[in-house]
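**Q** For reference, the structure I am asking about is given below.
The values are calculated or read from the model by the stated rules, or taken from the named source; none is laboratory data. Only a predicted model underlies this, so the values are computations on that prediction, with no experimental measurement involved. Heads up, the Cβs are rebuilt from the backbone with ideal geometry, glycines too, and the neighbour counts pull from every protein chain shown. Just the protein is used for accessible areas: all its heavy atoms, side chains included, with ligands, DNA and RNA removed. Shrake-Rupley method; radii C 1.70, N 1.55, O 1.52, S 1.80 Å.
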Amino acid sequence: MSGRRPAGCSSLPGAAALKDGSSVEITEPEPREARRLLLGLFTRLGPETVLLRFLRPIKCWDTVVREILENARLILLGLQGGEAAASAEAYDTGIHGVAELGIVVRDDLQGRGLGTTMTALVALCLLENGYKALEAYFDPGNIPMRRIMVDKLGGRVIGYGRDMVFTRLDLEPNRERILSVLWQRYRPARGSLG
């Protein structure tokens with residue numbers, strides 16, 4: 001990650017239990033492996049998923065992956081069968097203590113709770129690293145992301161832009177909600193949550 005020290009998180013690695021009974025390992029990838037795994041994930045996404053996550057069609061994934069690796073403060077990957085099934089990143093916003101979320105779940109695993117678990121885990125890791133809030137912006141048609149940030153984790157809509165919804169999850173006031181989601185769906189490999 002380009003000389004930056006990753007945020008780190010004591011709850012990693014671990015396993016997320018999906019609604020269908022399967023599981024996904026969640027970990028912070030080694031920088032060398034992160035590139036390969038992210039490229040593999042992104043190149044397998046359907047066009048609608050690409051638009052919902054990246055807000056535009058992508059032709060050159062190498063550039064996107066390089067930018068993620070250079071700029072993300074925290075990268076979590078969901079792994080299944082040795083390949084990335086999901087990615088969640090946190091980026092510094094330039095506002096002290098506020099991070100921005102980037103997340104995508106492979107098309108065939110959407111709707112099974114993995115996005116919720118990974119978002120909650122990013123929030124917990126940020127709390128552990130002294131962050132105050134997690135923000136996400138997305139297309140108004142991305143109802144699952146709105147449900148995760150607002151309904152499940154306790155965030156709120158803070159504004160609307162041109163074809164965009166802006167949300168904010170204040171971390172400390174929502175610690176119990178974040179932990180509640182994780183207690184139901186996530187098991188760290190060592191130690192306990194929160």
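**Q** Figure the gain on full extension for Arg44 and Ser192 (residue separation times 0.36 nm, minus the Cα-Cα span) and round it to one decimal in nm.
**A** Here the segment from Arg44 to Ser192 would lengthen by 49.9 nm.
**Q** Could I have the simple spin-label model distance between Glu67 and Asp139, label points 7 Å from Cα toward Cβ, reported in nm to one decimal?
**A** So the label points at Glu67 and Asp139 sit 1.7 nm apart.
**Q** Counting heavy atoms of the protein chains only and a 1.4 Å probe, report the per residue accessible area for the chain as a whole number of Å². Walk me through the intermediate numbers first.
**A** Details: 9400 Å² over 194 residues.
For the chain, the per-residue accessible area is 48 Å².
**Q** Let me ask another. Given a 1.4 Å probe and every protein chain left where it sits, what share in percent of the accessible area of region 30-99 is carbon and sulfur? Kindly include the intermediate steps, with their values, before the conclusion.
**A** Values: 1850 of 3530 Å².
Taking all protein chains in place, region 30-99 shows 53 percent carbon and sulfur surface.
**Q** Looking at [x] 0.92; [y] 0.97; [z] 0.99, which value of Rg/Rh (Cα atoms, Kirkwood Rh) comes from a calculation on the structure shown?
**A** Among [x] 0.92; [y] 0.97; [z] 0.99, the one calculated here is [x].
**Q** In region 59-102, which trypsin sites (Lys or Arg not before Pro) are in a loop and have at most 13 other Cβ atoms within 10 Å, using DSSP for the loop call?
**A** Lys59
**Q** Multiply the residue separation of Gln184 and Phe166 by 0.36 nm, subtract the distance between their alpha-carbon atoms, and state the gained length in nm to one decimal. Provide the component values of the computation, followed by the final result.
**A** Working: separation 18, 0.36 × 18 = 6.48 nm, distance 2.71 nm.
Length gained between Gln184 and Phe166: 3.8 nm.
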